[in-house]
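A quick write-up on the structure given underneath.
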Amino acid sequence: MSTYRAVPGKPQTRGTPARKAKTARYPWLRNLKRDKYLLLLFLPCLLYYLIFKYGPIFGIVIAFKNYSLFQGIWASEWVGLKYFKLFIESPDFFPVLRNTFLLGFYKLVFGFPAPILLALLINEVRNAFLKRFVQTVSYLPHFISNVIVAGIIVMFLSPTGGLVNHVLEAIGLNKITFMVEPDWFRTIYVSSDIWQHIGWGTIIYLAALSAVDPQLYEASRIDGANRWKQTLHITLPGIAPAIVIILILDIGKILEIGFEKVFLLATPVTYGKADIISTYVYRVGLTNANYSYATAIDLFTGIISFLFILSANWFSRRVSDNSLW
């Protein structure tokens, strides 16, 4: 039974003195009680990352073992850096690494500025309905499955019934067999990736643009600045922190090219330009049930990506005030 008694003339508060003292000693308990419904909504996201992102980290130990399904992880023999050395000495190491890096580099060079330009253009539109329409249409492809996107690409670039080849033929040019020409693979992948994700990336920059103080534009117009100067001296500096953060994260993803679209678009004829680390891991490591080799390659890729992020963050911190940490 509670020993708390109300004092006449003083407002009554809920909770016993012991409970209130405990809450005062541990403020996080008060915050936990206050935000319990928000934390409940966050719980599925937390479970997703714990199960599918952090849980599998334990599996990287098999990169240093001769893993056998029958012996299990701990009973398998330790082999140290054997599979890392095997991958680096493989004749496929430099071609696969080159293809992955170039595909990620082209995606960064051409794909990173695209959402920024689209956000700036949408921001200049004064018609609210047209602005919402363009934004909605631009980010809808982000929700389309890569399987469907690959099918659309194959249909449009078909040498027999494809729209692109029909246009080339109509203007007097020869048809091109895009899907079996290795030199066209990177162009097809990068351009389709821009089309698929440009609208989704624009959402971040439009949110950053909404935080720019409108009074800065009014003051610049009084000083005689045109739209170009306003964009150069107000808009871009206003969204610079968002640009830098996204750029650093994208630099870290240069070697993490998505497996699905490359796997669906690549053919044995285009492997010279299309075979990247993820498809190589699938074909050599997983298809042949060499799990230790596949894990070693993935871990190697993760380490290189982490070094890219560290380098990009260090450089950003040296030349500007914006960085991840």
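Derivation of every value follows stated rules applied to the coordinates shown; laboratory data play no part. Just so it is clear, the model here is predicted, and its values are computed rather than measured. Glycine gets a Cβ as well: all are built from the backbone with ideal geometry, and neighbour counts include every protein chain shown.
Assorted remarks:
- With 31 Å as the limit on Cα-Cα distance, the pairs of K33/K131; K85/K261; K229/K273; K36/K131 that go past it are K33/K131; K229/K273; K36/K131.
- Helical segments meeting 20 Å axial Cα length and Kyte-Doolittle 0.0 threshold in the chain (DSSP H): 93-111, 182-209, 236-252, 291-319
- Packing-based exposure ordering (other Cβ within 10 Å, fewest first) of F129, F93, F42: F129, F42, F93
- Candidate values (i) 19.5, 59; (ii) 27.2, 97; (iii) 20.1, 66 were compared with Rg and Dmax of the Cα atoms in Å computed on the shown model; the agreeing label is (ii).
- For region 147-286, averaging the sequence separation of C-alpha pairs within contact (under 8 Å, six or more residues apart) and dividing by the residue count gives a relative contact order of 30 percent.
- The order of I248, I88, going from fewest to most other C-beta atoms within 10 Å of their C-beta, is I88, I248.
- Computed over the chain: relative contact order in percent, which uses C-alpha pairs under 8 Å that are six or more apart: 23 percent
- Measuring how big region 124-233 is from its alpha-carbon positions, Rg and Dmax come out at 20.2, 59 Å.
- Counting charges near I60 (Lys, Arg +1; Asp, Glu -1) among other residues having Cβ under 14 Å from its Cβ returns a value of +1.
- Note on M155, M179: ascending count of other Cβ atoms within 10 Å places them as M155, M179, the fewest first.
- Dipole magnitude of the chain about its Cα centre (Cβ charges: Lys, Arg +1; Asp, Glu -1), debye to nearest 20: 2160 debye
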